[in-house]
Each structure stands twice: as C-alpha cells, then as structure tokens.
1. Would you point out which residue out of A:ALA708, A:ALA761 is among the aliphatic types (A, V, I, L, M), touching an Asp or Glu at 6+ places or on another chain (Cβ under 9 Å) and farther than 25 Å from A:PHE119 by Cα?
2. Among the listed residues A:ILE400, A:ILE359, A:ILE337, which satisfies the condition of being surrounded by 17 or more Cβ atoms within 10 Å (Cβ to Cβ), among the β-branched types (Val, Ile, Thr) and within 19 Å of A:SER260 (Cα to Cα)?
3. Say whether the condition of being over 36 Å from the mean Cα position of the chain (by Cα), under 16 Å from A:SER325 (Cα atoms), part of a loop (DSSP other than H, G, I, E, B) and touching a residue at least 60 places away in the same chain (Cβ under 8 Å) is met by at least one residue in the range A:266-275.
4. Taking the options A:GLU714, A:GLU742, name whichever one is among the charged types (D, E, K, R) and closer than 20 Å to A:VAL676 by Cα.
5. Taking the criterion of being within 15 Å of RNA strand B (Cβ to nearest atom), of a type in the set (Asp, Glu) and without any contact (Cβ under 8 Å) to a residue 12 or more places away in the chain, would at least one residue in the range A:743-758 satisfy it?
6. Return yes when A:ILE749 is over 22 Å from A:VAL739 (Cβ atoms), touching a helix residue (DSSP H, G or I) at 6+ places or on another chain (Cβ under 8 Å) and at pLDDT 80 or above and no when it is not.
7. For residues in the range A:220-242 being under 26 Å from A:ARG201 (Cα atoms) and either assigned to a helix (DSSP H, G or I) or of a type in the set (Val, Ile, Thr) (or both), which is nearest to RNA strand B (Cβ to nearest atom)?
8. For A:PHE505, which of the numbered conditions (1) surrounded by 23 or more Cβ atoms within 10 Å (Cβ to Cβ); (2) under 17 Å from A:THR136 (Cα atoms); (3) out of contact with any Pro (no Cβ under 9 Å at 6 or more places or on another chain) fails to hold?
Amino acid sequence: MESYNFKSIEKKWQDKWEEAKIFHAENGSDKPKYYTLIEFPYPSGAGLHVGHPRSYTALDIIARKRRMEGYNVLYPIGWDAFGLPTENFAIKNKVHPKIITAQNIANFTRQLKMLGFSFDWDREVNTTDPNYYKWTQWIFLQLFKHGLAYKQEMPINWCTSCKVGLSNEEVVNGVCERCGGEVVQRRKSQWMLKITEYAQRLIDDLDEVDYLEKIKTQQKNWIGRSEGAEVKFKLSTGDEMVVYTTRADTLFGATYTVMSPEHPLIEKMKDSITNYDEVEAYKAEAAKKSEFERTELAKDKTGVKLESIYAINPANGEKLPVFISDYVLVTYGTGAIMAVPAHDSRDWDFAKKFDLPIIEVVAGGEDVQKEAYTDVYKGKMVNSGFLTGMTVKEAIPAMIDWLEKEGLGKRKVNFKLRDWVFSRQRYWGEPIPLVHCDKCGWVAIPESELPLVLPEIDTFEPGENGESPLAKATDWINTTCPHCGGPAQRETDTMPQWAGSSWYFLRYMDPHNNDALASKEALEYWSPIDWYNGGMEHTTLHLLYSRFWHKFLYDIGVVPTKEPYMKRTSHGMILGENNEKMSKSRGNVVNPDEVVNEFGADAFRTYEMFIGAFDQSTPWSQQGLKGCYKFLERVWNLQNIITDGEGYTSDLESSIHKTIKKVGEDFERMKFNTAVAAMMSLVNDYSKKGAITKDEYKVLLILLNPVAPHMTEELWEKYGDGGFLSIHAWPEYDEAKTVDEEIEIVLQINGKIRDKLTIPAGLDKDGTVEAAMESERIKSLTEGKTIIKVIAVPGKLVNIVVK
RNA sequence: GCGGAUAUGGCGGAAUUGGCAGACGCGCUAGAUUCAGGUUCUAGUGAGGGUUCCUUCAUGCAGGUUCAAGUCCUGUUAUCCGCACCA
C-alpha cells in the first residue's frame, strides 16, 4: 500500500471532476432542485482568508450530500468585485482597478479550486462585468420608474484637508484615515431608495422563512417598528411643534421639549428667539459632528435653551421650555420630543445637567430624583389627571384616544429604518444610468443603451468639492436628453457595493442571458434559494437590501417568490491562535496556501469543520489541524486491515448504523464538529477490532466524502463500486439497528449517583424500579432509612429519595 | 446608551427534551517500537481527600425552583459583534 500522498490525489480528482462536469447544475432537469448559496467573496489583494472556507466547506458538504441524495444541485460562485480597497490601491499605484480586480480574481479562483469545492464554475459571475452590471442598472431604472428612487440632500463626510468626500470606513476617530485631517459633515444631493416603503413587509414576511431566530430578531430590531403617537404642542410664537412619543401615558410628566438642531422650525422662529446667536453656534457645532461622534458623546448631554420661547403641554396647559440638543435626531420620528425625565434615562441625564424639574407620573420605582423609572410592565399612573390609577398599558391607549378626540394628536407607527443612501462619489462602481436635462429634470436612459459602461479616465482620485471622479470625464458626461433631445449631463455618482450583491443569486440561475437578468423558466425552476449561509455581519444590511430588491422585483412580476431565501444560517469567525481577529498588523494571519501545501485540502476542510461550533468564533490551532491530518491518515491506513468478509459484522453493525444516522443528522443541523467526531469514533472502533470488511470500509468512505472528497474518491476507485463517489447514493440506516439491546442506567440516592445497572432496553418503569431495588449497593445504602419517593425515568435512571 | 451573542478541564469543544458533566480532538504523563528524532502503537489524564474501592468539590459570580439544573427563573460580572442616543 502506498502512503497517503494528498498532493497527487487532490490534483488528480479536481481534474477528473472538472472533465466529467459532475458538479454541473442543469436548468430544468427532472430531478428535484436544490439551491445552496454562500456569500460571494470580495476578491481582495490579500487573497483568501481561512475564514472564507468555513462557510464554503459547510455548504459544500450540504451540496454534496444533496447530490448523493439525488438532487439537481446549484452551488455557484462569483465575485463581488466593485469596492473601495481596489479603488484605493488603484489610486496609490496608478493601475486601473479593472486590472487589479482581474489579478485578484485569478488568485481567488486558484485558491478556491485547490480546495475542491463543488461549485459549478460555468456559472461564475462578476459584478464589475458590464454584462452583469447591465442588469444591476436595469433594476435601478425600474426602481426609478416606479418612484422608489429620489434625490435628497444628505450629509457626507468631508475631509477639510484632502478636500474629498470619505466613506464612514475612512473616518477613524473623527479624523481622515489618510491624512488625519478634520472631517466635517457636508450636505450633498444624493440618490436615495425608498426601502422604508417596504418596512412592514420586510417584518411580516419573516414569518414565511426559516432563518435562525437571532437573525430574524436582528432584522426586526433594525427595522425597528414602534407604535406611538404624534402629539401637537402649541408654541408661544403660534407655531405648532409635533413630537413623536411611544409613551403618551407620561404626557403629564413632560417638563420640557427638545428639537433636533436641524429642525426647520428653528429657522422659522429665528426672530422670536432672543439668543439666536447661541443657537446658531450650537447648530454649527452639531454639524461638525458625525453621527458616530454624536453617539460617542451620548453620556454628556449638550443643548441650548430657546430663550423667549415656550411650548404648551396639551394635557395640562403648562408652559414648558424648548431646547435644541443633538441627542434628538432629525432623521427619526418628527425630529422633536417631549421630555419626561422621570421615565426616560436620556431625558433624565439632560434634566439633571440643565436643572429641570423631574415629575413622577408612574409609581412603582425608586426615587425618580435619583434614577429614571422606565419599566412599562409594573406601576400605576400618578399625578396624571384622568389617567391616574391606570396601568401604563391602559394609560397609553387612553391618552391617545383623548388626544385624537380633542384633535391634539394621533396614533402613529414609526420605523427606525431609514431610506437607503444609494450614491457614492467614487469611480469603481456601477454608473447610475440617468441624465439630467435642464428642461426635463432627471431622465432614465433608454434600456437599449444598457449597459452604461464606466468611462476610461486617467486618475481615480475623488473629485474636488466632494464630486465623483467621473466628474472629470467631460466627454462622457455631456450627452443629449433621451426625452427632448436637448443637452443633458450624466449622473456622475456611482452605486454602492451593495447594489451588485442585492441580486447576484438571481443571475446564477441563468448567467449568460442577454435578454433578461434571467429567463422566466430559470427563475421558476431554481427559486427560491433553499439554503443561504453567511456571516453575522451581513444580517442587517445585505440581507435587508437584497430582500427589499427581491420584493420589488416580485411586485413588478420579474421573480416568482416574495422572499429570495428560504433558509438563512450564519457562521462564526475564525480568529488567530492568540484568540484575536486575524490581521496583518497583529501578525497572526494563517495563509490557506501554506496549509494546503503542508497538509492538503482534505485535512484543511476537515479541520475547518472540526475546529469548533460552527456558529461561534473560535481560534485557529496548528496542532488541531495536525490532529485532523492524522485522522485522515488513519482512515487511509485502514486499508491494511480489510479482510475478505462481506456486509457488516455483528460487532460493528450497531456502530455503523448509529454513525450513518448521526453524521446525516449533524450535517443538517450544521453540527459539523460532532459529525467529524462521530466518524473519528467509528474509525477508532474499526482500528480496535483490527479487521474490517470492504463494505464496512466503503460506508465510512461515503460518509466522509462530503468533508474529505479527494481522498475518499481515491480510495473508492480502489475499493468501491466504480463511478464517482461524489455522486454515489447516500447510505441509509436501519433505525432498529441503532438501538442497543442492553442499556446502562444510573441509580441515584437523593440525586447522587450510587450505582450503575445494565438492563434490557425497553424495560418499563416498574421493571426498572424492581431491578434497581435488587442492587446490593442500593440495599445497603437504604437500609434503616425511610424511602419517601422513587423516581424512575425508563432508559435513563432511578432516583430514590430517602430520609 | 441600545440591539444581538458568549462564558464548561491545561486548550478547542460535547452534552438533541431538565436525567451519568467533560464525547471527539489537541496537549501532557508512562510504557513499547523505530539507530537519534518531530513517526507509530498501548495505557492514563477535571481538582482535592483517603488509595484495587470509595468520597467531596466542580459548567463566569450570587440567589431561587426541582427528586434532579451546564440546561429553567431572578439578579450580577466579564468578553465579543453590530449600531443610526430611535423618544
């Protein structure tokens, strides 16, 4: 027998699989379909991270198992290749991002192929390919035509020293990442997408899909639906300030009101505000802070009182001071609040700082002068007029009913979710296919002109005054209006990286189609995605954006399902050996090339699955990797003990059936670590016995194939039934043979284990108790004591309570 | 501050429904084998106490429910991830 030579084996089988196209997914096959999806990678210059293959191997196992179960499986791969790092590298090294992208993709492709994933490479997609982004632009045009895209002034990060717009990522601790210069907020007109119009449906339809509960929770919390009321406060100027509150019950406890510094009423009332200079100064100060900074400084509240202005509490007619403060955001609710310091901790902080009264209106907590009492489940209303005596739950609707009757307010549902800022002032993204005409406004370019290809320009530096680098491409910008034929200019902003990744899974279904993003037949056949796995870091944005686009495409009749993904799971991060995030600066990065070179792809895959609980973060261990290599070697060396016998021998039969059951079930539950452990145990059983039949060896090879496909194919060629193991049938088990005839149960006295007993499986409760009472140890330990109670759990234990 | 998660031997982790805590692997110890080894095999391995056997303690911390708690409840601490102070 030759020794285990993974190098030649892995290359050999990768070539054979490719040649025979056994991972080819057939559109419209008669077999049942199964669509497994992993998040397509951003092809970075750093190459593959050992974290990538964790997800890829997991779903590769599922994909391979499904093929063995007779499904027509689609397991595709592609590149999310637009983005900032490539663009910044291009600026620095004066190379076109296209060239860098191609290099990075080539490297990623080599690395992924060396790991033996069963991707259908014929369906590879690339978001930067004009044949791909043609359809990204097409979807945007449909959104535009349906009124879901609009322009609005939004703040951008502006580096005062580089004089360029920056992404949030490039702002580190409030300063520019490149030069350390001051970053301020500048307003710029940006394209927005009305995702908020889908907020309710994005919550409701979660009921129809099988996502991990924590993922659903995060989606819901991000969308953040709240039911409350809008309440009108008359101001001393005669103006009306509308506030949003979820705690209408506390209206009698309002002791002041706050507007966000950007609130339009401030400007309107400027002649009545006697300290307007101070107000302006505060507004300027607030404009400097990014939202990130406002969050950071949350504890120390700041604000300015609007002198000579007061608001009237509609519940009791009290005059309340009006403040502006940046802890109130213009983007949420109405941009103004009524402050109830007794029952909201932020209001409480502010009230303490500005020495404002704190009036208790919900009893049940400690002293509200010392701490805000925010519990809505306990406590009764006090000091609250007609609400006094009610519970909070009763008082909220009672107050809103009263406000509605008096015309002072109304019920209102609010969402935290905000519309999606869709413009980027960058080069390496999809051009937005619109032109601006002085006569006609913003006009869509004809669909026949798609794709609108990125123009070639010399430098990719961001434009001055916060404009896109495309602003320099004058030839490209100047065009004619498709509507009136007059002169017009193209939009120079590009789309965010999220655009291409919001629909890529549809393109996989029919990647070479030139007439549609995918054919109706392909969409009907493959939709929806059966299982999608990805990182927790994408559970809010990417997942939400792609669900939103999918729902829109459903509404306009392009896709056949309301939801894109039937099932969504997530994996944990792989950390460095020192338990910290892998990074160049920490020097703890593990290079997949080196691992595969030294131990092979199969050992790498096996270790990635064995490393720990799939959904949790876990540190890399070179020793652990070695252990998995040793396991594969032991499997290989079992060849030495194959005998002429057939079938399963009686002393291994039960182990084999149990292992088939456990491995299959564990794969489905994503408990890959225990599935591998079960196979290790079976190998231990085989070795211990010292002789196995060919059938016993073969069943091990089948079970192990999805994890370590190359080695098992090689051994199958020698010992199997011919053909590719990768498409051989998944084994079945006999439930009856997974059950032991005799089982060991535990005998306890007062909950402490005192003896163990072997009894026939299936013995009933009375029989079990009877057998327990026969135990010599139990007899001697209970002698002279009163037996109060005997608890028996058949098949598990007997607990005798004595005194 | 808000939202989500996590905490079990020297290490990664297991325990599917409240029912033997520590499966499996790493590491370590001893022995065998190889001319030396980082190879392979065998046995042992949570801690403490008496030593074939037994016993006490032990799942971040403090309480509670239960015949029985890693698992359920209340409180608390630490760490990680995300964030848009969400009224």
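The values are calculated or read from the model by the stated rules, or taken from the named source; none is laboratory data. Note that the structure is predicted; figures quoted are calculated from it, not measured. FYI the Cβ positions are ideal-geometry reconstructions off the backbone, even for glycines, and counts take in every protein chain you see.
1. Working: A:ALA708 fails: farther than 25 Å from A:PHE119 by Cα.
None of the other options fit; the residue is A:ALA761.
2. Details: A:ILE400 fails: within 19 Å of A:SER260 (Cα to Cα); A:ILE359 fails: within 19 Å of A:SER260 (Cα to Cα).
Exactly one of A:ILE400, A:ILE359, A:ILE337 is surrounded by 17 or more Cβ atoms within 10 Å (Cβ to Cβ), among the β-branched types (Val, Ile, Thr) and within 19 Å of A:SER260 (Cα to Cα), namely A:ILE337.
3. Step one: of the range A:266-275, the residues over 36 Å from the mean Cα position of the chain (by Cα) are A:266-275.
Checking which are under 16 Å from A:SER325 (Cα atoms) leaves us with A:266-267, A:273, A:275.
Still in the list and also part of a loop (DSSP other than H, G, I, E, B): A:273, A:275.
Add one more test, that the residue is touching a residue at least 60 places away in the same chain (Cβ under 8 Å), and what stays is none.
Checked against the condition, which is being over 36 Å from the mean Cα position of the chain (by Cα), under 16 Å from A:SER325 (Cα atoms), part of a loop (DSSP other than H, G, I, E, B) and touching a residue at least 60 places away in the same chain (Cβ under 8 Å), the range A:266-275 yields no hits at all.
4. A:GLU714
5. Of all residues in the range A:743-758, those within 15 Å of RNA strand B (Cβ to nearest atom) come to A:743-758.
Applying the additional criterion that residues be of a type in the set (Asp, Glu) yields A:744, A:755.
Subsequent filtering for residues that are without any contact (Cβ under 8 Å) to a residue 12 or more places away in the chain retains none.
Looking through the range A:743-758, none of the residues is within 15 Å of RNA strand B (Cβ to nearest atom), of a type in the set (Asp, Glu) and without any contact (Cβ under 8 Å) to a residue 12 or more places away in the chain.
6. Values: over 22 Å from A:VAL739 (Cβ atoms): yes; touching a helix residue (DSSP H, G or I) at 6+ places or on another chain (Cβ under 8 Å): yes; at pLDDT 80 or above: yes.
Criteria met by A:ILE749.
7. Going residue by residue through the range A:220-242, those that are under 26 Å from A:ARG201 (Cα atoms) are A:220-230.
Then keep just the ones that are either assigned to a helix (DSSP H, G or I) or of a type in the set (Val, Ile, Thr) (or both); that gives A:220-223.
Working: A:LYS220: 8, A:ASN221: 4, A:TRP222: 6, A:ILE223: 8 Å.
Per the stated criteria, the residue is A:ASN221.
8. Status for A:PHE505: all satisfied but (3).
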